[in-house]
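S.K.: I'd like to ask some things about the structure below.
The values are calculated or read from the model by the stated rules, or taken from the named source; none is laboratory data. Because the structure is a prediction, the values reported are computed rather than measured. Glycine also receives a Cβ, built like all others from the backbone with ideal geometry; neighbour counts cover every protein chain displayed.
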């Protein structure tokens, strides 16, 4: 089974705030699974696919190409 990452995980991983994650969802195609209005997650596979689609966009690069599962 693929790892699941919450908004909080993404905020820590990318060093951004909740508003940025919401912007990525609404305007940059970050597809998160909505369990409830306050609970959303994305699988590691989907996150990596989204990252690859955003290559060249410096606002969505992780430091040192860290693994999502670190």
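S.K.: Of the residues that sit in segment 1-21 and are without any contact (Cβ under 8 Å) to a residue 12 or more places away in the chain and farther than 15 Å from residue 45 by Cβ, which one is nearest to the chain's Cα centre (by Cα)?
M.R.: Among those residues, the one meeting the criterion is 11.
S.K.: Here's a follow-up. Could you please give the count of residues in segment 36-59 that are at pLDDT below 85 and closer than 20 Å to residue 3 by Cα?
M.R.: Qualifying residue count, segment 36-59: 3.
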